[in-house]
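Novice: First the structure, then my questions, so here it is.
The values are calculated or read from the model by the stated rules, or taken from the named source; none is laboratory data. Just so it is clear, the model here is predicted, and its values are computed rather than measured. Heads up, the Cβs are rebuilt from the backbone with ideal geometry, glycines too, and the neighbour counts pull from every protein chain shown.
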């Protein structure tokens, strides 16, 4: 006699795969609450091993990071109303990052693969030029540009006549440092500062989480700023980290502590004025834990479709640079070395930084001379649209750098 099963059991067996798939694809939403990062329980602007986790996610689960702009001035994307006339901003609060998220099953020694699946820009963004950036001494004054965004391009009344295509990516993708990594990073940056190098040391003012990193917190003098990238990722500002790309990050603590922020609508390689098109945005990612991943001891790896490497234009104009300078001058980034040798030379051997400086300065001159923009406007255009690429590293003493300007951004000459 054939055995029969209850109808409810048959239905459960039939729909179990659907239920499991739905549970696996459940989206975890992180951040975006409150007026600013300090009011948002899933937002921080410092890095430290003891920062508490804001949420937990399974590997493979979709995570939606609702991020804030680099100055924490615009608010989360869903809360933005009218176009801002100007912006407030405090360097002590740069950069708000959403998270950290505990990835279940991940621990020290693992590699976390973070795949970006979608980025949805907010309605507005901003850029600055002048006192910050790569060649501030060669571009006088200070400027602020407010952008209007859609899914296709950005435009601004502050730099009329151009449209910048959407190439959104997160500037910051990071895990948290472990205790040993944190100590080593802090020690080397303090040593660099003592030697006169340019570095942003811990600052308790404006720090979040306040209880740990603020003026009265136990780590008030040791929470790392998010300004530079480090071995765990951080503020990498790599424009190729767009949707479709996967980033490999080291895991130094239990759960890794994944956080994302500093979203850019578009950026040229180099981000030479100090900012890209800075926006708030929603970012969807999925993660995978690798127990035998690549060696990331000198920095993260990433992979993705080759189309993200292309410049968004049918034609371009390029300016090259080599490491030459006027006798008696010292590039600002070398001033802390107090070298009499540098000042007396007109040619520095294999100095890629000086070559890049010359290429960018030439590009600013070209844009200003040929398109009628001020040097401040040209500096911002170079930051958000010009790609700075190494041409060659072997032709000593003059290594080469090329600055590439996509010409299709100019819709009105």
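Novice: Taking the conditions exactly as written (under 24 Å from residue 128 (Cα atoms) and outside the structural domain of residue 192 (by TED's automatic domain parsing)), does residue 354 satisfy them or not? Steps first, answer last, please.
Specialist: Numbers: under 24 Å from residue 128 (Cα atoms): yes; outside the structural domain of residue 192 (by TED's automatic domain parsing): yes.
Yes: the conditions hold for residue 354.
Novice: I'd like to know if the range 251-263 contains one or more residues that are outside the structural domain of residue 334 (by TED's automatic domain parsing) and touching a helix residue (DSSP H, G or I) at 6+ places or on another chain (Cβ under 6 Å).
Specialist: Restricting attention to the range 251-263, the residues satisfying the condition of being outside the structural domain of residue 334 (by TED's automatic domain parsing) are 251-263.
Restricting the remaining residues to those that are touching a helix residue (DSSP H, G or I) at 6+ places or on another chain (Cβ under 6 Å) gives 252.
So far as the range 251-263 goes, yes, one or more of its residues are outside the structural domain of residue 334 (by TED's automatic domain parsing) and touching a helix residue (DSSP H, G or I) at 6+ places or on another chain (Cβ under 6 Å).
Novice: Wholly within the range 173-280, which strands (runs of 3 or more DSSP E) include no fewer than the required count, namely at least 3 residues that are buried (at least 23 other Cβ atoms within 10 Å of the Cβ) and on the phi > 0 side of the Ramachandran plot?
Specialist: Details: elements: 233-235, 246-250, 256-264.
Those strands (runs of 3 or more DSSP E) span 256-264.
Novice: Would you pick out the residues in the range 11-45 that are modelled with pLDDT of 95 or more and within 23 Å of residue 107 (Cβ to Cβ)?
Specialist: The answer is 28, 30, 42, 44.
Novice: For the range 365-392, how many residues meet the condition of being in contact with a helix residue (DSSP H, G or I) (Cβ under 7 Å, 6 or more places away or on another chain) and either over 19 Å from residue 264 (Cβ atoms) or surrounded by fewer than 17 Cβ atoms within 10 Å (Cβ to Cβ) (or both)?
Specialist: Keep residues of the range 365-392 that are in contact with a helix residue (DSSP H, G or I) (Cβ under 7 Å, 6 or more places away or on another chain), which gives 367-368, 373-375, 378-379, 381-382, 385-386, 388, 390.
When the remaining residues are screened for being either over 19 Å from residue 264 (Cβ atoms) or surrounded by fewer than 17 Cβ atoms within 10 Å (Cβ to Cβ) (or both), the result is 367-368, 373-375, 378, 390.
Number satisfying all stated conditions: 7.
Novice: Next up: Looking at the range 128-136, can you tell me whether even one residue there is assigned to a strand (DSSP E or B), in contact with a strand residue (DSSP E or B) (Cβ under 6 Å, 6 or more places away or on another chain) and closer than 27 Å to residue 100 by Cβ?
Specialist: Kept after step one, since they are assigned to a strand (DSSP E or B), are these residues of the range 128-136: 128-129.
When the remaining residues are screened for being in contact with a strand residue (DSSP E or B) (Cβ under 6 Å, 6 or more places away or on another chain), the result is 128-129.
Now restrict to residues that are closer than 27 Å to residue 100 by Cβ: none.
No.
Novice: Among what's in the range 110-123 and is touching a helix residue (DSSP H, G or I) at 6+ places or on another chain (Cβ under 9 Å) and either buried (at least 21 other Cβ atoms within 10 Å of the Cβ) or without any contact (Cβ under 8 Å) to a residue 40 or more places away in the chain (or both), pick the residue that is nearest to residue 243 (Cα to Cα).
Specialist: Residues of the range 110-123 that are touching a helix residue (DSSP H, G or I) at 6+ places or on another chain (Cβ under 9 Å), as a first pass: 120-123.
Imposing the further condition that a residue be either buried (at least 21 other Cβ atoms within 10 Å of the Cβ) or without any contact (Cβ under 8 Å) to a residue 40 or more places away in the chain (or both) reduces the set to 121-122.
Values: 121: 12, 122: 16 Å.
The selected residue is 121.
Novice: Please find, within the range 313-364, the residue that is nearest to the chain's Cα centre (by Cα) out of those that are outside any loop (DSSP other than H, G, I, E, B) and within 30 Å of residue 152 (Cβ to Cβ). Outline the logic, then answer.
Specialist: Taking the range 313-364 as the starting set, the residues that turn out to be outside any loop (DSSP other than H, G, I, E, B) are 316-321, 324, 332-337, 340-344, 347, 352-364.
From the residues that got through so far, the ones that are within 30 Å of residue 152 (Cβ to Cβ) too are 316-319, 359-360, 363-364.
Numbers: 316: 25, 317: 26, 318: 25, 319: 25, 359: 23, 360: 20, 363: 23, 364: 23 Å.
Among those residues, the one meeting the criterion is 360.
Novice: Residues in the range 130-142: is at least one outside the structural domain of residue 378 (by TED's automatic domain parsing), more than 30 Å from residue 355 (Cα to Cα) and within 18 Å of the chain's Cα centre (by Cα)?
Specialist: Step one: filter the range 130-142 for residues outside the structural domain of residue 378 (by TED's automatic domain parsing), giving 130-142.
Imposing the further condition that a residue be more than 30 Å from residue 355 (Cα to Cα) reduces the set to none.
Among the residues of the range 130-142, not one is outside the structural domain of residue 378 (by TED's automatic domain parsing), more than 30 Å from residue 355 (Cα to Cα) and within 18 Å of the chain's Cα centre (by Cα), which makes the answer no.
Listed here are the residues, each with its yes/no results for (1) more than 24 Å from residue 383 (Cβ to Cβ); (2) touching a strand residue (DSSP E or B) at 6+ places or on another chain (Cβ under 9 Å).
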| site | (1), (2) |
| --- | --- |
| 335 | no, no |
| 342 | yes, no |
| 346 | yes, yes |
| 356 | no, yes |
| 360 | no, yes |
| 366 | no, yes |
